[in-house]
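First up is the structure itself, then whatever we jot down about it.
The values are calculated or read from the model by the stated rules, or taken from the named source; none is laboratory data. Everything numeric here is computed off the predicted structure, so don't read it as measured data. Glycine also receives a Cβ, built like all others from the backbone with ideal geometry; neighbour counts cover every protein chain displayed.
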Amino acid sequence: MPKAKVYKNFINGEWVESGSEETFENRNPADKRDLIGLFQRSNQDDVNAAVEAAKNAFESWRLYPAPRRAEILFRVAEILLKKKEEFARDMTREMGKVLKEARGDVQEAIDMTYYMAGEGRRQFGQTTPSELPSKFMMSVRMPLGVCALITPWNFPMAIPSWKLMPALILGNTVVFKPATDTPLSAYNLVKACEEGGLPRGVLNFVTGTGSEVGTPLMTHKDVKLVSFTGSTAVGKAVAEATASSFKHTNLEMGGKNAILVMDDAKIDLAVEGAIWGGFGTTGQRCTAASRVIVHKKVIKEFTQKFVARARALKVGDGRDPKTEMGPSINEGQLETVMKYVEVGKKEDEARLLTGGRRLTKGEYAHGNFHEPTIFGDVHPEMRIAQEEIFGPVVAVIQTGSLEEGIKIINETAYGLSASIYTQDINRAFVAMRDVYTGIFYVNASTIGAEVHLPFGGTKQTGNGHREAGQAALDVFSEWKVLYIDYSGKLQKAQIDVE
Ligand code: NAD
């Protein structure tokens, strides 16, 4: 057996081992015999070194002209583009999503890098006339300093890029801690940044667990902003740990997203949307459509077709072009799925319509595979309709009207994404107005965000910020307002007005 490659941390422009002298394994969830590599199991000392490097680099990086920062980002985007296929294959191997989706993940990082490189020549502020003569005023963006980026495994290159690229283009420096399940995709992104010519210390990369790296990082006194994407439970811990120091926090958390299918919907289109939303990325998307709310007049037809399509899905290794749904990321996540299947079976009236079992035989013997699973006759308040499962489990719920459907969509703790299938423009507009989520689709699934509009959710999905789009600039900068008085005399705003 060839020895597994050992990957290092990236601190102050050098690839270094952790002081802990320990590593952790990165294994393929489709075949756990496949050891991908060993990554540094870092500790507080590594975090301190990374933050210090980022703090020192900030002084020159903030003064580096933004259009020149952009030139580096453009080069990074070109490298990502050139290596897209290699990076997508690495991603599928380490986290299981089918290759087409992994290519999409890398593409999203490419898009975000080009997009934010464009911001090197924008970052517009405002100028507006003063109420006083011979006075000029304007607003400019300032970087914050050292930003801690803590990311999940389900979009292992896209999500880090949503944070990293706006942070860098605005003149911040970064310490990046990726999820323990997907350090290779994070490494690939960091390597592309190094090759693109990012100066030493501007981006630092420390692998390891949430408690050993994430916690010391988010509480470090020199970290000015924590940008976190992950579960609501950990997001709450981040919010609490950072509150007393008034660090900026940007939290993107869980979801319990819904598709509403009206009686005038194109049913086949809605079924395709529900399949993609429910089982794409094995249901492991924050925007996954884990609830489908269907008008009673079409629920029978919809459910029959939906179940038939789910049954026919080819589950397997994401690297096989025939595979339509890959494995769960790890044993723990698979256990959560199985636990919720049991919860669903015990709910009073809910009916298991298809799936419900772990796949263990033949090609599935060494991976974390589960059948695509659908429950019917689910009531909106049941646990499987309220709690984020993060796996291939969909709850079908009946509604009698548009208003009831919207109410069901809104009555969960989360507010990330939702959609409606209807041919009636009036119904579509009512839903667009009344659904309280950060993202809403008409005649499309709950999935499909583009990088140049804001991404994020309401309620327990987020804390009021948005990633991507122009909104990301507000997360990674502060406004400074400048007043220049060239009248040569003391002028007082408001008071001088006759
Ligand atoms: P997670 O919360 O377990 O971990 C996220 C990151 O936080 C990882 O890097 C982890 O190591 C780190 N972490 C864990 N405990 C920590 C601690 N105590 N202190 C500091 N850091 C800690 O989430 P996950 O399992 O990686 O990802 C799945 C979750 O992410 C789901 O809930 C999903 O909905 C959510 N998600 C949200 C979005 C969004 O934009 N809203 C996008 C993708 C995923």
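Phe246 meets all of the listed conditions (1) under 22 Å from Val393 (Cβ atoms); (2) assigned to a loop (DSSP other than H, G, I, E, B); (3) away from the ligand (no atom under 16 Å from the Cβ); (4) of a type outside the set (Gly, Ala, Ser) but one, namely (1).
Let's see how each residue does on (1) hydrophobic (A, V, I, L, M, F, W, C); (2) surrounded by 14 or more Cβ atoms within 10 Å (Cβ to Cβ); (3) away from the ligand (no atom under 16 Å from the Cβ); (4) assigned by TED's automatic domain parsing to the domain that holds Ile299:
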site: Leu416; (1), (2), (3), (4): yes, yes, no, yes
site: Ile420; (1), (2), (3), (4): yes, yes, yes, yes
site: Gln423; (1), (2), (3), (4): no, no, yes, yes
site: Arg427; (1), (2), (3), (4): no, yes, yes, yes
site: Ala468; (1), (2), (3), (4): yes, yes, no, no
site: Leu473; (1), (2), (3), (4): yes, yes, yes, no
site: Ser477; (1), (2), (3), (4): no, yes, yes, no
site: Lys489; (1), (2), (3), (4): no, no, yes, no
site: Gln494; (1), (2), (3), (4): no, no, yes, no
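In segment 210-233 there is at least one residue that is more than 24 Å from Glu14 (Cα to Cα), buried (at least 20 other Cβ atoms within 10 Å of the Cβ) and of a type in the set (A, V, I, L, M, F, W, C).
Looking at segment 442-470 only, could you name the residues that are among the basic types (Lys, Arg) and either part of a loop (DSSP other than H, G, I, E, B) or in contact (Cβ under 8 Å) with a residue 60 or more places away in the chain (or both)? Even if it seems obvious, please write down each step before you answer.
Taking segment 442-470 as the starting set, the residues that turn out to be among the basic types (Lys, Arg) are 459, 466.
Arg466 - this is the single residue of segment 442-470 that is among the basic types (Lys, Arg) and either part of a loop (DSSP other than H, G, I, E, B) or in contact (Cβ under 8 Å) with a residue 60 or more places away in the chain (or both).
For segment 139-151, the count of residues that are within 16 Å of the ligand (Cβ to nearest atom), closer than 25 Å to Val190 by Cα, assigned to a loop (DSSP other than H, G, I, E, B) and of a type outside the set (Gly, Ala, Ser) is nonzero.
Considering only residues of segment 195-220 that are among the polar types (S, T, N, Q), within 20 Å of the chain's Cα centre (by Cα) and part of a loop (DSSP other than H, G, I, E, B), which is nearest to the ligand (Cβ to nearest atom)? This residue is Thr209.
Ala431: within 16 Å of the ligand (Cβ to nearest atom), surrounded by 16 or more Cβ atoms within 10 Å (Cβ to Cβ) and either in contact (Cβ under 8 Å) with a residue 12 or more places away in the chain or under 26 Å from Lys236 (Cα atoms) (or both), yes or no? It is false that Ala431 is within 16 Å of the ligand (Cβ to nearest atom), surrounded by 16 or more Cβ atoms within 10 Å (Cβ to Cβ) and either in contact (Cβ under 8 Å) with a residue 12 or more places away in the chain or under 26 Å from Lys236 (Cα atoms) (or both). Among the candidates Glu101, Glu52, Glu21, the residue that is among the acidic types (Asp, Glu), more than 19 Å from Lys191 (Cβ to Cβ) and not in a helix (DSSP H, G or I) is uniquely Glu21.
Please name all residue pairs, on different chains or six or more residues apart, with Cβ atoms under 6 Å, provided the first residue is in segment 278-289 and is closer than 19 Å to Val396 by Cβ and the second residue is of a type in the set (Ser, Thr, Tyr) and not in a loop (DSSP other than H, G, I, E, B). Close Cβ pairs satisfying both conditions: Thr287/Ser417. Does Ala192 satisfy the condition of being part of a helix (DSSP H, G or I), more than 16 Å from the ligand (Cβ to nearest atom) and aliphatic (A, V, I, L, M)? So Ala192 fits the description; yes. You will find that of Gly278, Gly367, the residue that is assigned to a helix (DSSP H, G or I), at pLDDT 95 or above and of a type outside the set (Ser, Thr, Tyr) is Gly278 and no other. Taken as a whole, the condition of being basic (Lys, Arg), in the same structural domain as Asn368 (by TED's automatic domain parsing) and not in a helix (DSSP H, G or I) applies to Arg319. For segment 176-188, the count of residues that are in contact with a helix residue (DSSP H, G or I) (Cβ under 8 Å, 6 or more places away or on another chain), surrounded by 17 or more Cβ atoms within 10 Å (Cβ to Cβ), aliphatic (A, V, I, L, M) and touching a residue at least 60 places away in the same chain (Cβ under 8 Å) is at least one.
Here's the yes/no breakdown for (1) among the aliphatic types (A, V, I, L, M); (2) in contact with a Leu (Cβ under 6 Å, 6 or more places away or on another chain); (3) not assigned by TED's automatic domain parsing to the domain that holds Ser477:
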position: Gln107; (1), (2), (3): no, no, no
position: Tyr115; (1), (2), (3): no, no, no
position: Glu119; (1), (2), (3): no, no, no
position: Pro143; (1), (2), (3): no, yes, no
position: Ala148; (1), (2), (3): yes, yes, no
